[in-house]
Amino acid sequence: MTARRGRRTALRKRRGRSWKRWQQWKRWKPWVVCGAVLLLELFLIWSPLRPFAAGGLLLGIVGAVLWWLWRTDRMARDRDRAWREEDAVRAGLRSLARADAMTGTEFEDLVAGLCRRDGCADVRRVGGAGDNGVDVTGRLPDGRSMIIQCKRYAPHRAVAGRDLRDLLGSRVHFGADLAICVTTARFSRPAQAFAEQNGIATLHRDHVGLWNSGAALGSLLGVSDAGQGDVRHRVRWKKTYG
């Protein structure tokens, strides 16, 4: 069903692009025809202007060919960019489906593996009984020590503020430079506000999909303070996950 819906969406986009190109051609067609007819009349009637008319016609043809080549190249680039964006979304969805099927321990192993992939050192999974609210420890590529709390929740759930308060205490306990909370769900508004006020990096479901699809941890940490999008993003989230 999802694949069929995606094909219908792609078909509508192609039809929309074709309709726009046709409207553009209809707008310019009268001017092109008039110019061609004028040049032809000058070429046939007034012999002194024939060289200039021929030159103008030749320049017009060359310009039209160059415009067509530029237009074709731009359309090809646009199609390639759209395909790459759609492929990145599909990859993110595949990676999220994989994470949703994991247990809490498997998700902690996944996060630890992604940290190692991105150049983090001394990465250890320490989750379990008596873990003091920390599931993964290590050092970022820039040398800062980090602790990570992993929350493998259902997509419709939210990480509460008390979880981040516990993580703040764990950062003090371990003397870590950075505390990170990673979840397959989202963060409640109080939790997000608390994280922003206390310098805790929050990686929600969208970030996990990007991270598991190849995005580097450092790039995600740079956007984690941006929260969970605007109102439209939250509406789409609610429609998708309830």
Query raised in the report: At a probe size of 1.4 Å, how large is the accessible area of Trp67, to the nearest 10 Å²?
Result: 140 Å²
**Report entry** For His204, solvent-accessible area (1.4 Å; no DNA, RNA or ligand), Å²
**Finding:** 10 Å²
Report task. Place the peptides 176-188, 100-112 in order of packing, highest mean first, counting for every residue the other Cβ atoms within 10 Å and averaging per peptide. Result -> 176-188, 100-112
Query - Ordering of 206-213, 69-76, 136-143 by burial proxy (mean other Cβ atoms within 10 Å per residue, highest first) - result: 206-213, 136-143, 69-76
Query - Karplus (6.51, -1.76, 1.60) ³J(HN,Hα), θ = phi - 60°, over the stretch 153-170, in Hz, Gly and Pro reported as x - result: 9, 5, x, 7, 7, 9, 6, 7, x, 5, 5, 6, 5, 5, 5, 4, x, 5
Report task. With all protein chains present, calculate the accessible area of Ser170 using a 1.4 Å probe and round the result to the nearest 10 Å². Result -> 10 Å²
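The values are calculated or read from the model by the stated rules, or taken from the named source; none is laboratory data. Because the structure is predicted, anything quoted here is derived from the model rather than measured. Neighbour counts run over all protein chains shown; Cβ positions are idealised from the backbone, glycine included. SASA here: full protein model, heavy atoms, side chains in, ligands and nucleic acids out. Shrake-Rupley method; radii C 1.70, N 1.55, O 1.52, S 1.80 Å.
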